[in-house]
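**Student:** I have a structure I would like to understand better, so I am pasting it below and will then ask my questions one at a time.
What follows is calculated from the coordinates using simple rules that are stated; it is not laboratory data. Keep in mind that what you see is a predicted model, and the values were worked out from it rather than measured. Please note: Cβ atoms are built from the backbone with ideal geometry, for glycine as well, and neighbour counts cover all protein chains shown.
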Amino acid sequence: MFNFTTITNWLHSFLTTTCGFAEWGAILTESVLVALVIITLYAVFAIALIYMERKVCAFFQCRLGPMRVGKWGLLQVFSDVFKMLTKEIISMRQTDQFLHNLAPFLVVMASMITFACLPWNQGAHIIDFNVGVFFFLAISSIGVVGILLAGWSSNNKFSLIGAMRSGAQIISYELSIGLTMLAMICLTGTMSFSEICNDQYVNGWNIVRGHVPAVIAFIIYLVAGNAECNRGPFDLPECESELTAGYHTEYSGMHFGYYYLAEYLNLFICAGMASTIFLGGWAPLQIAGLDGFNAVMAFIPGAVWFVGKAFFVVFLLMWLRWTFPRLRIDQILSLEWKYLIPFTMVNLVLMALCVAMGWTF
Amino acid sequence: MFIILAVFIMLSSFATVMTKSIVRAATYLLFVLLGTAGLYFLMGFTFLGSVQVMVYAGGIIVLYVFSILLTEGAKDETFKRKMKDASWGLVLSLIGFIAFVSVVLTYQFRSLVLTAPIEGGEELTTIESIGRHMLSTDAGGYLLPFEAVSVLLLACIVGALVIARKR
């Protein structure tokens, strides 16, 4: 397997010896570089995902999707971004301007920090604590504050109600996500993302090792993750004709763009977490006994595996989104509290039983 | 780094108590709590920092904002400040400040400079050691408080259900 630490070590020695930086200077430079890389990746993935969403949506509705701008509509998203950038940011009277401007940044900040938690390759972890999964859950809960503040500071009844809806939905579905992740932590025995991936590289993917409880957890995670990103059949902020949209009704220009960006990146983060925890992260596909096949698979770099798996899960989530009709808010909440939470709790006990009795591969 | 965080926390706490709007106060409080979590991360206590973010920033602040939105709605220009309340607050905070400063000045600290533990080092508090201490019955084990807290939480859940059920 290609190990990314060779590159980071080389960069560090290059900065300290060749350029003659002090230790703190080298670390500072590296931090700035990493931050730039994260922001660039964030933008690139957002553009790729928006294009993919439009094409997948068109595919499921027997259309072609964007075709006019550029070859196969490839430049459509770029022109959308320029449109968004040139739009006026409307400031309203009798609203709390400070909170109104702050709210989108809180949402984007939460999604950017969780984006940095993803393990890209062996040795390419940006934030890798030993409580990684817990940290991830903690940071992702900050976004709710941004949504609530957005609804309140718009000084608009419909936005306020929309913020309540989205907030209640996200807080509820966080429980399911936490419990399914807990079931998988029970299997791996560690919370750090690098160790989870290494473990799966050595022992096989978690979804295979954990068989029945892992598959149940994967399905519940997909449902809850879709709800957590305000997407899929749970996308109440999107239905402007019935509900006057959600918390971001009053936003315009790039401030609305930030919500849009955060939604797509949350989709990618959700898919990336699914691929890390269930599908092995950067670990290649290995089948015991087929040595030649394993060697070929291990030759593909881990980052390709990770991004490939994440986009596979993204495709599953988009499939879900464009297939099911939208739910009402009370249906959304009763689905979570009456069905998913009992299921995940039983599943957690089942997983603990499997691990304790040694019924895993 | 510590100085940046400390100044950030101080400014945000001042803003929390000085602001007129109650939602803004909640937002500044969020910044204070995030800054405190930053201090924990600086010291290498990643678990404590994550708990701080999860419980306070993700839980308590959301609860505050939710309850503000549900109770008062948009018209939440804060209470009129009375001089009597302000003087009481001044006296209390002065007493607290004197107590705090006297404790800091008289306490014998073990070391003057705190070195952050290195990630992956031996003395780092891992989630595994926390779990073992939480469920051990030996000296230094926390099984009894752990169980007591879980019974308390269960009682809270049952109480909430009783209050919220349809009659």
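**Student:** Can you list residues whose amide H is under 5 Å from A:Gly123's amide H, if they're 5+ apart or on another chain and H is modeled 1.01 Å from N?
**Tutor:** Placed amide hydrogens put A:Phe4 under 5 Å from A:Gly123.
**Student:** Ranking request for peptides B:147-156, A:145-154, A:213-222: highest mean number of other beta-carbon atoms within 10 Å first, then the rest in descending order.
**Tutor:** Output ranking for B:147-156, A:145-154, A:213-222: A:145-154, A:213-222, B:147-156.
**Student:** Moving on. Taking beta carbons within 10 Å but only from partner chains, what does the mean come to for residues B:52-64?
**Tutor:** Counting Cβ atoms of other protein chains within 10 Å of each residue's Cβ and averaging gives 5.
**Student:** Other chains' Cβ within 10 Å of A:152-159 residues: what's the mean?
**Tutor:** Neighbouring Cβ atoms belonging to other protein chains average 2 per residue here.
**Student:** Using a Gaussian network model of chain A with C-alpha springs under 10 Å, which one of A:His248, A:His12, A:His211 is most mobile by mean-square fluctuation?
**Tutor:** Highest fluctuation of the listed residues: A:His12.
**Student:** Can you pull a Stokes-Einstein diffusion coefficient for the protein assembly as shown at 20 °C (1.002 mPa s), Rh from Kirkwood over Cα pairs, as a whole number of µm²/s?
**Tutor:** For these conditions, the coefficient is 84 µm²/s.
**Student:** Which longest run of chain A has no exposed loop site in it, a site being trypsin sites (Lys or Arg not before Pro) in a DSSP loop with at most 15 other beta carbons within 10 Å, and the site itself not part of the run?
**Tutor:** The reported range is A:94-327.
**Student:** How big is the charge dipole of segment A:93-357 about its Cα centre, in debye rounded to the nearest 20, if each Lys and Arg gets +1 on its Cβ and each Asp and Glu gets -1 on its Cβ?
**Tutor:** The calculation lands at about 240 debye.
**Student:** Also: Mind running the shape call on segment A:140-272? Use the C-alpha gyration tensor, a ≥ b ≥ c as the square roots of the eigenvalues: rounded below 1.5 for a/c, prolate if a/b tops b/c, oblate otherwise.
**Tutor:** It comes out prolate by the Cα gyration axes.
**Student:** Right, next: Check every DSSP H run in chain A and write down those whose alpha carbon atoms cover 18 angstrom or more along the long axis and whose mean Kyte-Doolittle hydropathy is 0.0 or greater.
**Tutor:** Helices meeting the criterion: A:23-60, A:97-116, A:157-188, A:211-228, A:253-277, A:302-323, A:341-357.
**Student:** Other chains' Cβ within 10 Å of A:72-82 residues: what's the mean?
**Tutor:** Mean inter-chain Cβ contacts per residue within 10 Å come to 0.
**Student:** In whole percent, what relative contact order does chain A give with Cα contacts below 8 Å and a gap of six or more residues?
**Tutor:** Normalised by residue count, the contact order of chain A is 22 percent.
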